[in-house]
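Written out below as structure tokens is the structure these notes cover.
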Amino acid sequence: MKINDYYRDAAHLNLNSSIAALFLISILVAVNLSFFQNEIIFTLTIPFFLYSFFCFQLYLLRKRQAMTINRNMGARWIKEKEQSFFSASHLLVLYDQTQGPSLHFYYPDGHLAGNIKKYHPKGVRKLNLTKFYILYNSNNKAIACFRVKGKKIEVFDKERIYLGCLKKTKLKWLKCTRELFDSKGNCIGSVVGSSIFMDEKLVDQENMQVLRLRRGWMPVEWSLLFPEPNTPVLSFSGKLSVQDKLLRMSFLINEYFMER
């Protein structure tokens, strides 16, 4: 999957929404002409018509973006060989709600690096208030699991080995701390950021930045494949192990699935 597929799917979703709104307009008009014949009822179709028009314009925009991205990828970009989710220094993050909330990660060359999706248990386990989110690589293989229990996000690798957790502690109204703990319960860092715009940093005990999520920082050359200039960029600093990266990515669960 490539970034143009993301925009193509978004275009189809907007087109379906536009058609659905037109279908409701048709039903209202047909019912009114058959039974009521009241001019006031026709005014009820105006919001649906405006919504349909807006969705259709979004469809045209996303379709053009998908076509432009596809052309740019073919003309200027070559997929890097043996790309790895954990070796990348930068990943672009796109939040998707088309088929349930999910988080997609892309390499700067436009190819999918992985995604995070909510796991939906079956049967009696649905009654469990604990939430699970699975991190998949580009081959759709699970490489980590995040378990949300209250204000704590526990992290497990693909072997189900506990790596640590992110704890959120409320200090006072609209203010809280987010600290990271390893599997032995030792505090190894915290999340600091702006309350006005997206610029989240994960720092270690020496206050050195090891991971950062920023909006509005994307390099200009990436805009050929990512037309939204405010696409968030996830950056890794230093030499983190696979387990360290997985543990620190737990703050994304809080950022996108708990606080939104």
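The values are calculated or read from the model by the stated rules, or taken from the named source; none is laboratory data. Treat the numbers as computed from the prediction; the structure is a model and nothing was measured. Every residue, glycine as well, gets a Cβ built from its backbone with ideal geometry; the counts of neighbours run over all protein chains shown. The accessibility values were calculated without ligands, DNA or RNA, using every heavy atom of the protein model including side chains. Shrake-Rupley method; radii C 1.70, N 1.55, O 1.52, S 1.80 Å.
Taken together, the residues in the range 248-260 that are open to solvent by 10 Å² or more (accessible area, probe 1.4 Å) and in a helix (DSSP H, G or I) amount to 4. Can you name every residue in the range 1-21 that is hydrophobic (A, V, I, L, M, F, W, C) and either closer than 12 Å to residue 98 by Cβ or touching a residue at least 40 places away in the same chain (Cβ under 8 Å) (or both)? If the condition is that a residue be hydrophobic (A, V, I, L, M, F, W, C) and either closer than 12 Å to residue 98 by Cβ or touching a residue at least 40 places away in the same chain (Cβ under 8 Å) (or both), then 1, 3, 10, 11, 13, 15 are the ones that fit. In the range 204-247, the qualifying residues are those that are part of a strand (DSSP E or B) and over 22 Å from the mean Cα position of the chain (by Cα), and the one that is surrounded by the fewest Cβ atoms within 10 Å (Cβ to Cβ) is 209.
For the range 1-26, the tally of residues that are open to solvent by 80 Å² or more (accessible area, probe 1.4 Å) and within 23 Å of residue 73 (Cβ to Cβ) stands at 3.
Contact annotation: residue pairs with Cβ atoms under 8 Å, 6 or more positions apart or on different chains, pairing a residue in the range 223-244 that is closer than 18 Å to residue 5 by Cβ and in contact (Cβ under 8 Å) with a residue 60 or more places away in the chain with a partner that is open to solvent by 60 Å² or more (accessible area, probe 1.4 Å) and outside any loop (DSSP other than H, G, I, E, B), are 224/76.
Tallying residues that are open to solvent by 70 Å² or more (accessible area, probe 1.4 Å) and on the phi < 0 side of the Ramachandran plot within the range 27-50 yields 15. Here residue 71 does not qualify as in contact with a Lys or Arg (Cβ under 8 Å, 6 or more places away or on another chain), without any contact (Cβ under 8 Å) to a residue 60 or more places away in the chain and in a helix (DSSP H, G or I). Only residues that are out of contact with any strand residue (DSSP E or B) (no Cβ under 9 Å at 6 or more places or on another chain) and open to solvent by 50 Å² or more (accessible area, probe 1.4 Å) were counted across the range 63-76, and they come to 8.
Scanning the range 78-97 turns up no residue that is in a helix (DSSP H, G or I), open to solvent by 40 Å² or more (accessible area, probe 1.4 Å) and either hydroxyl-bearing (Ser, Thr, Tyr) or in contact (Cβ under 8 Å) with a residue 24 or more places away in the chain (or both).
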